[in-house]
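Engineer: Below is one structure. I have some questions about it.
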Amino acid sequence: MRIESIEIKNFRQYRNAKFVFDKCNGRKDIHIVVGENGEGKTNILNALTWCLYEEEMHLGNKNSAIAMINSRYVQELRDRGERHGEVSVNVEISTEDRHKWTLTRTAVYSIYKSDILLTESKALIVDASRPRGHEVIENKDDIYSYVQRYVPKEINDYIFFDGEHLDDYFKEEKKRNIENGIKDLTQASIVNKAIDSLEKYIKMEISPLLKNSGDDKVRDIQLRLEDAAKKLEQSELTIGELNDQINTLENDIEDCNIKIKGHENIKDKALKLEDLEKESDNLAKKEKEAMNNLMKFTREYYTYFALYPSMKEFASYIEVQTKAGNLPPKIDKKLVQAMITSKRCLICDQPLDEKHLAGIEALLRKLEVSSATSAELNRASTALSAYFEKISKYEQLKNAFISAKQNLQEQIEENAREYKELSDYMRSIPDNEQIKDAINKREFYIVRRDGLKEKLGKEKYLFSKAQEDLDNVQKELEKAMSQNEQLAIFQKQRDFCMSSISILKETVEEILTECRNDMQTATFDIFEKLIWKKETFSKIIITEDYSFILQDMFGSQTLGSCSAAERALLALSFTLALQEISGHDSLLYIDTPLGRVGEKSRSTFMDVLLDISDNKQVTLTFTPTEFDDNVRNKLSKNYSTYCELSFGSEGITN
């Protein structure tokens, strides 16, 4: 697709301007506009997006922007006593399917003494390629579909680039636009509309019939089903809201990271600060674990030492009794008494004479401690040995705990010292309030984000339970309906809708997965060909939520540390891949392409754009500073059109 011309009337600083983008023979399809800041470069882009989408996509602050009707023109109308003024933009387009069409959008303003009000906005397309001749399209929906076919609004950021905001192209809020744009390009959005229609039919047509069918069981299950569906829907909305809040905070954190890392001597220190934060959390966990172990050790040995005097006295008593021979071997007194009574040895079953009986009686008299007590004391001796061995290890264990705690405390203090030193340094950078503010905000955002992530985890669990409950009630309803012959037709309709929804959802998933995988491969192939730093990057991953991961040769994410030129090139590569995979060929319009590109990379970056312009229209707008001798020499024999902007009388751009 090419833009052949843009005609602007009474739009901001333009009164009557026309830009023609003819392609010259022997030249590349590259077009240059040069102008100082404020002379209207970006407003060419705003005029273009307003004409296409009825929205100025590149205003600095939309809330505080004045009406787009030219101020000098308004004053002339007031001077003449006229009450109405008109703004119009006309864009002539040619497409790869040999269509030539013109989109004209007009806005009518009512002019009052102290106010300007938009009263009418209309658009029409004139298609000059129809078999029946020129065809005029005025229906708003038809115009929208026509524009979406060639320049989808959701991915306009990847067709009309703003070089001053390249860092925004891979932020979280862009992911939804990319996803919606891909759904439009792959026709997945049409399938989703079919899914929505089937779900609406079940909800609005079949469900009321089931509730009013006269079958109490079916009615009750249907009511439970609706309740379960509401819970699932609410949980899904909550998850979406939490994700949006987390994504916003991720953007805020990334903004802070960029501000912190984007200055001399700050980048490495900021990264070190992040590592120290992680290490601080890790050490805090270790300290808590160490304190728990120490308290356990202290409680255990407190008991041991409390018992020590008694244990020591008991051990001394056993030792004295043992040395005095007062601890005989284990002897059963009842057995001895039985032998004396029966005058017979109950062990060898022999009779005992008077001499042996006298000896046994003397032995029994000498026993001062019963054999049972002796057994208890013997067992106590074993336990006491283990106790005193435990006591003997106290110093060793205590020293090990103290040493470990001291080492851990030293690590914590060293980590805190390094963190404070780095944090104080970064906070005390003279004349740089932005960095200090970014550090404070970043800490606040991280705490908020982590709290929301915890909530998200809990909500995802509730969602899975709600889905399980809904599935179970669905099965109950199917069973109840199958038992009622009068509901057979409704059951068939419902089963057909449910089956169709399931198939269509799988189809959408397959379409988007295939497209995403193809784009992932194509983006890296293009990026690898265009990037000037060879053998630096190994892979691009586009995740299911359309996040971008740019891996280096070691598998680490590098997108956050890429230069502006590299990020711009990645955005260009994604755009080219998106157009290639979808079969949707489009132009590139880049406002101030070198705004964030360092001088060393400018020449190489221009080589990339020249290479792209062999097969694609590329329009570039520069400030005179950007369009220096090196850039001018690089482009001088290649561009097809060149235009310089300048302020004329009363702020009108020529």
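Engineer: If a residue must be open to solvent by less than 40 Å² (accessible area, probe 1.4 Å) and within 13 Å of R15 (Cα to Cα), how many such residues does the range 78-100 contain?
Structural biologist: Final tally of qualifying residues: 4.
Engineer: Kindly provide the set of residues from the range 16-35 that are surrounded by 14 or more Cβ atoms within 10 Å (Cβ to Cβ), farther than 18 Å from I93 by Cβ and out of contact with any helix residue (DSSP H, G or I) (no Cβ under 9 Å at 6 or more places or on another chain), ordered by number.
Structural biologist: R27
Engineer: Which of the residues that make up the range 127-154 are part of a loop (DSSP other than H, G, I, E, B) and open to solvent by less than 30 Å² (accessible area, probe 1.4 Å)?
Structural biologist: Selection gives G133, V151, P152.
Engineer: Something else about it: Cβ-Cβ distance below 8 Å, separation of 6 or more or different chains: which pairs start in the range 75-94 with a residue that is over 30 Å from D22 (Cα atoms) and end on one that is charged (D, E, K, R) and open to solvent by 60 Å² or more (accessible area, probe 1.4 Å)?
Structural biologist: As it stands, the answer is L77/R83; R78/K113, since those pairs meet every condition given.
Engineer: Also: Starting from the range 535-557, keep only residues that are within 26 Å of I246 (Cα to Cα), then list their pairs with residues that are of a type in the set (A, V, I, L, M, F, W, C) and assigned to a loop (DSSP other than H, G, I, E, B) whose Cβ atoms are within a distance under 8 Å, requiring at least 6 positions of separation or different chains.
Structural biologist: L550/C562
Engineer: Every residue in the range 62-107 that is modelled with pLDDT of 90 or more and either on the phi > 0 side of the Ramachandran plot or assigned to a loop (DSSP other than H, G, I, E, B) (or both), please.
Structural biologist: M68, N70, G81, E82, R83 - these are the residues of the range 62-107 that are modelled with pLDDT of 90 or more and either on the phi > 0 side of the Ramachandran plot or assigned to a loop (DSSP other than H, G, I, E, B) (or both).
Engineer: Within the range 201-260, work out how many residues are within 20 Å of the chain's Cα centre (by Cα) and among the acidic types (D, E).
Structural biologist: Of the residues in the range 201-260, 7 are within 20 Å of the chain's Cα centre (by Cα) and among the acidic types (D, E).
Engineer: Which residue pairs have Cβ atoms closer than 6 Å, lie 6 or more positions apart in sequence or on different chains, and pair a first residue in the range 402-414 that is closer than 14 Å to K286 by Cα with a second residue that is open to solvent by less than 90 Å² (accessible area, probe 1.4 Å) and part of a helix (DSSP H, G or I)?
Structural biologist: So the pair list comes out as K405/A290; L408/E287; L408/A290; Q411/L283; I412/L283.
Engineer: One residue is enough: does the range 394-417 have a residue meeting the conditions modelled with pLDDT of 80 or more, among the hydroxyl-bearing types (S, T, Y), more than 60 Å from the chain's Cα centre (by Cα) and surrounded by 11 or more Cβ atoms within 10 Å (Cβ to Cβ)?
Structural biologist: Checking the range 394-417: not a single residue is modelled with pLDDT of 80 or more, among the hydroxyl-bearing types (S, T, Y), more than 60 Å from the chain's Cα centre (by Cα) and surrounded by 11 or more Cβ atoms within 10 Å (Cβ to Cβ).
Engineer: I'm trying to understand the selection: among the residues of the range 519-546, which are part of a helix (DSSP H, G or I), open to solvent by less than 30 Å² (accessible area, probe 1.4 Å) and out of contact with any helix residue (DSSP H, G or I) (no Cβ under 6 Å at 6 or more places or on another chain)?
Structural biologist: Passing the criteria: only F524.
Engineer: Considering K492, K455, which residue is touching a Ser or Thr at 6+ places or on another chain (Cβ under 9 Å), open to solvent by 20 Å² or more (accessible area, probe 1.4 Å) and either within 21 Å of E233 (Cβ to Cβ) or at pLDDT 85 or above (or both)?
Structural biologist: Within the list K492, K455, the selection yields K455.
Engineer: Are any residues in the range 477-489 of a type in the set (A, V, I, L, M, F, W, C) and open to solvent by less than 50 Å² (accessible area, probe 1.4 Å), and if so, which ones?
Structural biologist: Listed by number, the residues that qualify are L477, A480, M481, L487, A488.
Engineer: Here are L124, L103: which of them is without any contact (Cβ under 8 Å) to a residue 24 or more places away in the chain, open to solvent by less than 80 Å² (accessible area, probe 1.4 Å) and under 19 Å from Y53 (Cβ atoms)?
Structural biologist: Among L124, L103, only L124 is without any contact (Cβ under 8 Å) to a residue 24 or more places away in the chain, open to solvent by less than 80 Å² (accessible area, probe 1.4 Å) and under 19 Å from Y53 (Cβ atoms).
Engineer: So, F554, is that one open to solvent by 70 Å² or more (accessible area, probe 1.4 Å), of a type outside the set (S, T, Y) and assigned to a helix (DSSP H, G or I) or not?
Structural biologist: no
Engineer: Now a separate question. Checking L578 against (1) open to solvent by 20 Å² or more (accessible area, probe 1.4 Å); (2) touching a Phe, Trp or Tyr at 6+ places or on another chain (Cβ under 9 Å), which single condition isn't satisfied?
Structural biologist: L578 satisfies every listed condition except (1).
Engineer: If I ask for residues that are out of contact with any helix residue (DSSP H, G or I) (no Cβ under 7 Å at 6 or more places or on another chain) and surrounded by 18 or more Cβ atoms within 10 Å (Cβ to Cβ), which ones from the range 106-121 would you list?
Structural biologist: A107, Y109
Engineer: Which one of L242, L185 is at pLDDT 85 or above and either on the phi < 0 side of the Ramachandran plot or among the β-branched types (V, I, T) (or both)?
Structural biologist: L242
Engineer: Hey, another quick one. Taking the options K272, K193, K200, K230, name whichever one is in a helix (DSSP H, G or I) and modelled with pLDDT under 85.
Structural biologist: K272
Engineer: I've got another one for you. So I501 ticks every box in (1) surrounded by 13 or more Cβ atoms within 10 Å (Cβ to Cβ); (2) of a type outside the set (K, R); (3) modelled with pLDDT under 90 but one. Which box is left unticked?
Structural biologist: With respect to (1) surrounded by 13 or more Cβ atoms within 10 Å (Cβ to Cβ); (2) of a type outside the set (K, R); (3) modelled with pLDDT under 90, I501 is out only on (3).
For (1) under 60 Å from the mean Cα position of the chain (by Cα); (2) at pLDDT below 80; (3) surrounded by 13 or more Cβ atoms within 10 Å (Cβ to Cβ), each residue gets a yes or a no:
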| residue | (1), (2), (3) |
| --- | --- |
| Y302 | yes, no, no |
| S316 | no, no, no |
| V320 | no, yes, no |
| A324 | no, yes, no |
| K333 | no, yes, no |
| A338 | no, no, no |
| R344 | no, no, yes |
| L357 | no, no, yes |
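Engineer: Could you check, for the range 591-602, whether at least one of its residues is at pLDDT 85 or above and either more than 22 Å from E179 (Cα to Cα) or open to solvent by 10 Å² or more (accessible area, probe 1.4 Å) (or both)?
Structural biologist: Among the residues of the range 591-602, at least one is at pLDDT 85 or above and either more than 22 Å from E179 (Cα to Cα) or open to solvent by 10 Å² or more (accessible area, probe 1.4 Å) (or both), which makes the answer yes.
The values are calculated or read from the model by the stated rules, or taken from the named source; none is laboratory data. The shown structure was predicted, so the numbers you read here are calculated from the model rather than taken from an experiment. FYI the Cβ positions are ideal-geometry reconstructions off the backbone, even for glycines, and counts take in every protein chain you see. Heavy atoms of the whole protein, side chains included, go into the accessibility calculation; ligands, DNA and RNA do not. Shrake-Rupley method; radii C 1.70, N 1.55, O 1.52, S 1.80 Å.
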